[in-house]
Structure formats: structure tokens, C-alpha cells
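To keep things clear, I will list the structure first and then write my remarks on it.
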Amino acid sequence: MATQGQAGMDEPDDIAQIREDFIERIGVMVQGEGFPRIAGRVLATLVFDGERASFGDLAENLAVSRGSISSSVRLLEDREIIRRVAKPGDRQDYFEMSEDAFVNLIENSANRARRAGKEIATTLNRLPQSQSGAHARLATYADFYDEIAVALSDAAERMRHRGQA
């Protein structure tokens with residue numbers, strides 16, 4: 001059972017468990033979105049800890065191979081969610097959250113929605129008008145993704161402005 005101090009603060013063991021649970025939950029969530037679970041765990045570690053982590057520390061703390069860390073950080077770097085940084089006098093690579101990480105996450109989702117809408121529109125454009133039922137359903141489906149892309153882009157813009165306040 002969890003113990004709490006006088007001010008309702010969790011004991012260090014509880015914080016460690018909360019951290020571990022968060023890292024695993026985000027890993028599963030990110031995996032559900034089609035990305036490697038390790039990438040989600042790396043992201044969650046950097047978000048929760050709020051500090052740079054070395055390549056080696058990530059591999060050790062997450063109990064995964066350096067190869068898994070390598071492919072995961074490359075994926076997160078490519079999407080501008082994390083960035084590689086150096087520490088003076090240290091030859092190791094370190095990683096930290098990008099300044100606009102969450103805006104970039106939203107924009108990446110908006111781009112995926114735009115691509116999905118375009119794929120559907122490609123089929124829609126090839127479909128003869130005589131196929132009115134299928135044509136209407138595909139048009140609605142393409143509109144669905146267009147609306148998601150617009151809403152996500154608007155959300156990214158609001159977050160960007162919120163960060164400048």
C-alpha cells in the first residue's frame with residue numbers, strides 16, 4: 001500500500017512506481033498508434049524526467065538493447081520530438097525533448113491525416129460518378145480526414161501561441 005507524508009507527498013518508492021507505470025503506459029499507447037513501444041518509452045522517460053538522458057542511460061534504464069534505442073531515437077528525432085545534444089567534455093550522445101515537441105506531435109498527426117485524405121481522394125477521383133453510393137461514402141471519408149487535419153493544425157497553432165505567452 002502506498003504511504004504518504006504529512007503534506008500528501010508520495011514517498012520516493014511510490015514516485016518510482018508512478019514513473020515506471022507512466023513509461024509503460026505511454027509505450028503501449030504509442031505502440032497502438034503504429035510506432036515502436038520503445039520509442040514511446042523513450043519519449044515518456046524524457047517527458048517524466050525533464051532532463052537530458054544519455055544513449056547508454058536510456059538503454060540501461062529501459063532494459064533494452066542499444067540497437068532498439070538507436071532506431072527509436074532516430075524515429076523521434078526525425079519527427080522533431082526529441083533532439084540530440086552534447087555535453088562539453090563528454091563523447092556520449094544525449095537526448096532531450098525538442099522545444100516544440102508537442103506542437104510537432106500534433107503537426108505530425110495532422111500530416112498523417114492529410115496523407116490519408118489524399119489517398120482516399122485519389123481513389124475518389126478515379127471512381128466513375130455512376131458509382132454514386134461509393135462516391136458519396138468515399139467523399140465523406142476524405143472529408144473526415146480533412147476535418148481532422150484542419151482541427152489538428154488549429155490545435156498546433158494554439159499550442160504554439162500558448163508557448164509564446
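What follows is calculated from the coordinates using simple rules that are stated; it is not laboratory data. Predicted model only: the values in this text are computed from it and were never measured. Every residue, glycine as well, gets a Cβ built from its backbone with ideal geometry; the counts of neighbours run over all protein chains shown.
Structure above, values below:
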| item | result |
| --- | --- |
| The chain, dipole about Cα centre (Lys/Arg Cβ +1, Asp/Glu Cβ -1), debye to the nearest 20 | 880 |
| Sparsely packed GluC sites (Glu not before Pro) within the range 37-94, loop by DSSP, other Cβ within 10 Å at most 10 | GLU51 |
| Estimated [θ] at 222 nm from DSSP helical runs (n ≥ 4, -39500 (n - 2.57)) normalised by residues in the chain, nearest 500 | -23500 deg cm²/dmol |
| Qualifying trypsin sites (Lys or Arg not before Pro) in the range 1-101, DSSP loop, other Cβ atoms within 10 Å at most 12 | ARG91 |
| Karplus 3J(HN,Hα) series, Hz, for the range 99-105 with 6.51 cos²θ - 1.76 cosθ + 1.60 (x for Gly, Pro) | 4, 10, 3, 6, 4, 5, 4 |
| Reduced Cα scattering model of the range 12-97, Debye log10 I(q)/I(0), q = 0.14, 0.15, 0.16, 0.21 Å⁻¹ | -0.44, -0.50, -0.57, -0.97 |
| Fraction of the pair-distance distribution of the chain above 25 Å, Cα-Cα pairs, percent | 50 |
| Pair-distance profile P(r), taking every C-alpha pair of the range 101-164, with 5 angstrom steps and integer % | 4, 20, 22, 16, 12, 9, 8, 5, 3, 1, 0 |
| Euclidean distance between Cα centres, the range 76-139 to the range 43-74, Å | 23 |
| Sparse-neighbour loop sites [GluC sites (Glu not before Pro); the range 86-159; at most 13 other C-beta within 10 Å; DSSP] | GLU99 |
| Full-stretch length increase - GLN92, GLU11 - with 0.36 nm per residue and alpha-carbon distance subtracted | 25.9 nm |
